[in-house]
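The values are calculated or read from the model by the stated rules, or taken from the named source; none is laboratory data. What you see is a predicted model; the values in this text were computed from it and never measured. Note that we place each Cβ from the backbone using ideal geometry, even for glycine, and neighbour counts take in every protein chain shown.
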Amino acid sequence: MSKKPYYITTAIAYTSGKPHIGNTYEVVLADSIARFKRLEGYDVRFQTGTDEHGQKIEEKAKEAGITPREFVDGTAGTIKRIWDLMNTSYDRFIRTTDEDHTVQVQKFFRRLYEQGDIYKGQYEGMYCTPCESFFTPSQLVDGKCPDCGRPCKPAKEEAYFLRLSKYADRLIDHINTHPEFIQPESRKNEMMNNFLLPGLQDLCVSRTSFKWGIPVDFDEGHVIYVWVDALSNYVTGLGFDLDGDSDPMYEKYWPADLHLIGKDILRFHTIYWPIMLMALGLPLPKQVFGHPWLLQGDGKMSKSKGNVLYADELVDFFGVDAVRYFVLHEMPFENDGVITWELMVERLNSDLANTLGNLVNRTISMSNKYFGGVVADKGAAEPVDDDLKQVVLATPAVCVEKMNKLRVADTLTEIFNLFKRCNKYIDETTPWILAKDETKQDRLSTVLYNLVESICVGAALLTPFMPETAEKILAQLNAKARTMEDLSTFGMYPSGTKVTEKPEILFARQDIKEVMERVEALHPAAGDAEKEDAQAGEKDSVRDAAEKVMDVEPKPEIAYDQFAAMQFQIGEIIACEEVKNSRKLLCSQVKIGSQVRQIVSGIKAWYKPEEMVGKKVMVVVNLKPAKLAGVMSEGMILCAEDAEGNLALMVPEKDMPAGAEVR
């Protein structure tokens, strides 16, 4: 039985310079989708590459004293090196200077001209060199480019134009009848309301003011405009030939299942590209997803500030998979995400080192300590096992559902919820106590088997996002890779298998002060900027504190002994769910030291159960247990309350262990 084909592309990266982490995010995102589809059993074709023509390239090459070809060869090499560094599994890295691409783009242009969809005219307007885009004065924002905010220069030259208006109604109808074509929904509304419905102006598709581009082969002096050139790569990379001699690969994979692009170039991919395809009589891609941006700190990455983050530097600090995890997990579905050194360290320490790394290490260490590394299912089951198995078996289907909607960050959250459930299972079953009882050895063995099997399922699901880490986990457990079909059954891990004797530390915790000292040494300007931001933040905090205060009616004074009688500790929420038949209550399982307590809190209006999991909170632990809505509560989670009654959890400023005393 042949596999179902799936074709995914990224936007091709512009070869004007080294890509920063925001640029790199896109290819990592595409790679995770491609790998997940392979896990599901699809025959995946994944294409990325570089966009290498245009006036900006010509100018940069001139400044560097080299030819444009020499310039793009160097930059394309840098981009490919970073894509490879990030372990992206593309099938072709296409360059718009590739001969097979160049020949077809010239054929496209000639065909469109011969059938009257391209005509010769003259352009006069404002031109943005970095964006390679023309704008009318009314389209400018404060006299600057509406896309990048840079100055535009007046431009006037002879040019060819593509008749967009001829196909506008047909494109509008396609978008209306194919609601999945542009995603997310907000991006579709933007294209319809801002561009299509007001009416399209014909698009300039050739230039004469520079030479670095694919020549118009029937009109000397004209080069083909970058967007016709660049967009065509999605079919030329499959071996498409306009004269009918296409590679079978084109018939197999086109139309593309997904064009994954940044939201800033959505107009070109959802208006210009579809109209080009319509004019050429080719099928339109099935879906275009305009992902949000990954921003640094306050949202501005500036080389002059020295605060641009690059993938290779982040990898030097944290490793490939930690960087992959962060950019995939921290990017919301529609809104922009934020990356900082501090956030990277926080996620590495909490999610990767603690939740995942510690789980794998503990499980392997206990298997070696108690059974010489042999993991065997003795069938000594107890009711507590059922919930673990239920979570493990349900997670793959949930992940598939979310990935079908391209909710990659949510998928990672589900996988790590599985790992958190494993950690909770350790607390529930207390293997170290079972080990002390000779009559409980079969039960102990079964508990460890359940853990290993659950971790194997989690590692399989983790493979598309953190492939090296998943491979390391499976290798340490002496487990085989699994397909999505294999994950529908609990118990695939062969009983009696022996795990590695010395578990490898997957992620070492890092100290934020040490990291920032290294960052400052590497980029002094970045360090200064961090300090300035911190100082500015402190001033803002002081000002805000002065402006926003509230008075609370004082209670009677108490003696120190009364205060000392209360016991406050840090608790880590390892599971949380809504209390049935209650509009206000959440029930949390809170790890405090080696114990897990159940605490009911009236915070449902401010926190979702999934938001609670993983948080470190302040807990009153010696409060007398009480039933709330029929559910036993064994403590109290502390919150702050403002004048409007809004609640916020009290959390420690720094990462503290579960059980740390508050005093």
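Here are the numbers for this structure:
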{"item": "Every residue from segment 1-13 that is in contact (Cβ under 8 Å) with a residue 40 or more places away in the chain and not hydrophobic (A, V, I, L, M, F, W, C)", "result": "Ser2, Lys3, Pro5, Tyr6, Tyr7, Thr9, Thr10"}
{"item": "Count of residues meeting criterion [closer than 30 Å to Ala376 by Cα and under 23 Å from the mean Cα position of the chain (by Cα)] in segment 340-365", "result": "7"}
{"item": "Residue in segment 134-153 that is out of contact with any His (no Cβ under 7 Å at 6 or more places or on another chain) and under 26 Å from Arg111 (Cα atoms) present", "result": "yes"}
{"item": "Unmet criterion (only one of (1) surrounded by fewer than 20 Cβ atoms within 10 Å (Cβ to Cβ); (2) in contact with a strand residue (DSSP E or B) (Cβ under 7 Å, 6 or more places away or on another chain); (3) touching a residue at least 60 places away in the same chain (Cβ under 8 Å)) for Glu157", "result": "(3)"}
{"item": "Top-ranked residue of segment 191-209 - restricted to ones that are assigned to a helix (DSSP H, G or I) and out of contact with any helix residue (DSSP H, G or I) (no Cβ under 7 Å at 6 or more places or on another chain), ranked as nearest to Leu266 (Cα to Cα)", "result": "Asn194"}
{"item": "Evaluation of Tyr370 against (1) touching a residue at least 12 places away in the same chain (Cβ under 8 Å); (2) surrounded by fewer than 17 Cβ atoms within 10 Å (Cβ to Cβ) (one fails), failing number", "result": "(2)"}
{"item": "Checklist (1) exposed (fewer than 15 other Cβ atoms within 10 Å of the Cβ); (2) farther than 30 Å from Phe371 by Cβ; (3) of a type in the set (A, V, I, L, M, F, W, C) applied to Ala481, failing item", "result": "(2)"}
{"item": "Qualifying positions in segment 9-36 - in a helix (DSSP H, G or I), among the β-branched types (Val, Ile, Thr) and modelled with pLDDT of 95 or more", "result": "Thr24, Val27, Val28, Ile33"}
{"item": "Subset tally (residues that are touching a residue at least 60 places away in the same chain (Cβ under 8 Å) and farther than 18 Å from Pro198 by Cβ) for segment 130-147", "result": "2"}
{"item": "For Asp377: the one exception among (1) without any contact (Cβ under 8 Å) to a residue 24 or more places away in the chain; (2) in a loop (DSSP other than H, G, I, E, B)", "result": "(1)"}
{"item": "Test: residue in segment 23-46 that is over 30 Å from Pro283 (Cβ atoms), crowded, with 20+ Cβ neighbours inside 10 Å and in contact (Cβ under 8 Å) with a residue 24 or more places away in the chain", "result": "yes"}
{"item": "Within segment 597-615, considering residues that are surrounded by fewer than 18 Cβ atoms within 10 Å (Cβ to Cβ) and assigned to a helix (DSSP H, G or I), the one modelled with the highest pLDDT", "result": "Pro609"}
{"item": "Unmet requirement for Glu414, which otherwise passes all of (1) farther than 20 Å from Val327 by Cα; (2) acidic (Asp, Glu); (3) within 27 Å of the chain's Cα centre (by Cα)", "result": "(1)"}
{"item": "Output for segment 448-476, where each listed residue is within 16 Å of Gly491 (Cβ to Cβ) and in contact (Cβ under 8 Å) with a residue 40 or more places away in the chain", "result": "Leu448, Tyr449, Asn450, Leu451, Val452, Glu453, Ser454, Ile455, Val457, Gly458, Ala460"}
{"item": "Residue among Thr75, Thr50, Thr88 that alone is touching a helix residue (DSSP H, G or I) at 6+ places or on another chain (Cβ under 7 Å), under 16 Å from Tyr14 (Cβ atoms) and not small (Gly, Ala, Ser)", "result": "Thr50"}
{"item": "Hits in segment 616-646 - residues which are within 35 Å of the chain's Cα centre (by Cα), part of a loop (DSSP other than H, G, I, E, B) and not charged (D, E, K, R)", "result": "Leu638, Gly645, Asn646"}
{"item": "Selected residue [within 30 Å of Leu314 (Cα to Cα), without any contact (Cβ under 8 Å) to a residue 60 or more places away in the chain and out of contact with any His (no Cβ under 6 Å at 6 or more places or on another chain)] from Glu124, Glu114, Glu63", "result": "Glu63"}
{"item": "Total residues in segment 50-102, condition under 24 Å from Tyr325 (Cα atoms) and in contact with a Pro (Cβ under 7 Å, 6 or more places away or on another chain)", "result": "3"}
{"item": "Ala629 being on the phi > 0 side of the Ramachandran plot, of a type in the set (A, V, I, L, M, F, W, C) and either outside the structural domain of Val391 (by TED's automatic domain parsing) or surrounded by 15 or more Cβ atoms within 10 Å (Cβ to Cβ) (or both)", "result": "yes"}
{"item": "Failed item, numbered, when Ser89 is tested on (1) over 30 Å from Glu468 (Cα atoms); (2) surrounded by fewer than 21 Cβ atoms within 10 Å (Cβ to Cβ)", "result": "(1)"}
{"item": "Residues (without any contact (Cβ under 8 Å) to a residue 60 or more places away in the chain and surrounded by 13 or more Cβ atoms within 10 Å (Cβ to Cβ)) located in segment 636-650", "result": "Met636, Cys639, Leu647, Leu649, Met650"}
{"item": "Residue within segment 160-167 that is in contact (Cβ under 8 Å) with a residue 40 or more places away in the chain, touching a Ser or Thr at 6+ places or on another chain (Cβ under 6 Å) and closer than 29 Å to Glu70 by Cα present", "result": "yes"}
{"item": "Residue identified as surrounded by fewer than 17 Cβ atoms within 10 Å (Cβ to Cβ), modelled with pLDDT under 95 and basic (Lys, Arg) among Lys300, Lys252, Lys286", "result": "Lys300"}
{"item": "Selection within segment 116-128 - buried (at least 18 other Cβ atoms within 10 Å of the Cβ) and assigned to a loop (DSSP other than H, G, I, E, B)", "result": "Asp117"}
{"item": "Lys389 vs. criteria at pLDDT 95 or above, among the basic types (Lys, Arg) and in a helix (DSSP H, G or I)", "result": "yes"}
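Let's see how each residue does on (1) within 24 Å of the chain's Cα centre (by Cα); (2) at pLDDT below 95; (3) not aliphatic (A, V, I, L, M):
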position: Arg38; (1), (2), (3): yes, no, yes
position: Gly74; (1), (2), (3): no, no, yes
position: Asp91; (1), (2), (3): yes, no, yes
position: Asp117; (1), (2), (3): no, no, yes
position: Tyr127; (1), (2), (3): no, yes, yes
